[in-house]
1. Does region 97-109 contain at least one residue that is surrounded by fewer than 20 Cβ atoms within 10 Å (Cβ to Cβ) and under 16 Å from the mean Cα position of the chain (by Cα)?
2. Please give the number of the condition residue 336 fails out of (1) under 22 Å from residue 376 (Cβ atoms); (2) part of a helix (DSSP H, G or I).
3. Which of the residues that make up region 266-325 are farther than 21 Å from residue 414 by Cα and within 23 Å of the chain's Cα centre (by Cα)?
4. Suppose the filter is out of contact with any strand residue (DSSP E or B) (no Cβ under 7 Å at 6 or more places or on another chain), assigned to a strand (DSSP E or B) and either at pLDDT 95 or above or within 17 Å of residue 92 (Cβ to Cβ) (or both); does residue 212 pass it?
5. Just wondering, is there one or more residues in region 409-419 that are under 21 Å from the mean Cα position of the chain (by Cα) and on the phi > 0 side of the Ramachandran plot?
6. Conditions first: (1) under 22 Å from residue 146 (Cα atoms); (2) crowded, with 19+ Cβ neighbours inside 10 Å; (3) touching a residue at least 24 places away in the same chain (Cβ under 8 Å). Residue 217 passes all but one, so which condition is the exception?
7. Looking at region 6-25 only, could you name the residues that are on the phi > 0 side of the Ramachandran plot and surrounded by 16 or more Cβ atoms within 10 Å (Cβ to Cβ)?
8. Criterion first (in contact with a strand residue (DSSP E or B) (Cβ under 8 Å, 6 or more places away or on another chain), assigned to a helix (DSSP H, G or I) and at pLDDT below 95) does residue 271 satisfy it?
């Protein structure tokens, strides 16, 4: 999700409305006759038109392979931010080592990408951001005297003082009104301002008259670079990610069905890094599905359902007793007869170390693609009789295990993490305060 999408929905973007979604990541389903270097099945990221959907068409020059180990969420967050920053700072402003740059909205996607690129190129970086976002930037290593508020004009005097009265060589701007004038005044002789914003684009001739020491004022859009140049920049960025010079940005995700909430979040400038919309996808039959509590009654029902109704062919069923659980051998034989490959493992999901070992043993040729958390234990009793031990007995297999599953699989690009909760957490059952608490935790984790 980019601010351009927000402006389009509000009718504020200059020119005709376009399909929403300028960048995406996914799998190539088909290629044209002139395409080389890409084939169906390849994981790619890039610039598209109409990225908010299940399919999109892209120029082959505008996409690049997804680096090994990246999730689709990470990949989808990269193209616009890093290409826009690269083109503005390098191609237009000509930023070089030893120079200084002011990045407005430094906690946004383009701003964070620009800071990474500028530092890689040997430039000194200043930035503006909202109050709470500056705290996050400081935690990532920004010096306090190189940060200022994006809500006031104090940055002009603050950065002039920090720079010893010289000002900065380049401004990457996305603000409007008096912030543009203050940024132009802050430029050192020969300075350049490149403008990403669309709500206050100035006339370059007027800027030249009012600020004769400014060498360049230029508003721009990434696509002005042209497909061939974008391909070259993308190739360079891919190398920089591969050697560790650059890294993906922080992301927060919304299911595309909740896009309205994501748009509102961005419109209110609450985000840090990038907002990514995820598209629900079918479970890959070549992937492995983990079911915790998989040898229990609910787990067995789920396993049969996944094999017979959803075509799942690789199951990992876990439980504290594993193959020694009553009925585990019979369940495995039944599922195998239905065409599934089944592994039954002794693993208490509340034990983070044991769970990590079990996940690490999933074969690379059938990677983990979905998790169903169905483990649970009952230990009912009146509230005054629920000792800490009885609370732990019930909370650990549901709440602790869910937390461990979330943490250990958050970077595995799962199609789904399904948590089996119960009505006790909403309605309450007599004698089940511990069980209600465990299920309420699952509800909250899923909502988060």
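1. So far as region 97-109 goes, no, none of its residues is surrounded by fewer than 20 Cβ atoms within 10 Å (Cβ to Cβ) and under 16 Å from the mean Cα position of the chain (by Cα).
2. Every condition holds for residue 336 apart from (1).
3. Listed by number, the residues that qualify are 266, 267, 268, 269, 270, 271, 272, 273.
4. For residue 212, the condition - out of contact with any strand residue (DSSP E or B) (no Cβ under 7 Å at 6 or more places or on another chain), assigned to a strand (DSSP E or B) and either at pLDDT 95 or above or within 17 Å of residue 92 (Cβ to Cβ) (or both) - is not met.
5. The first filter runs over region 409-419 and keeps only residues under 21 Å from the mean Cα position of the chain (by Cα), leaving 409-418.
Now drop any that are not on the phi > 0 side of the Ramachandran plot, which leaves 413.
Yes, that holds for at least one residue.
6. So residue 217 meets the others, but not (1).
7. The one that is on the phi > 0 side of the Ramachandran plot and surrounded by 16 or more Cβ atoms within 10 Å (Cβ to Cβ): 21.
8. no
The values are calculated or read from the model by the stated rules, or taken from the named source; none is laboratory data. Computed from a predicted model, the values in this text were never measured in an experiment. Virtual Cβ from ideal backbone geometry, glycine too; neighbours counted across all protein chains shown.
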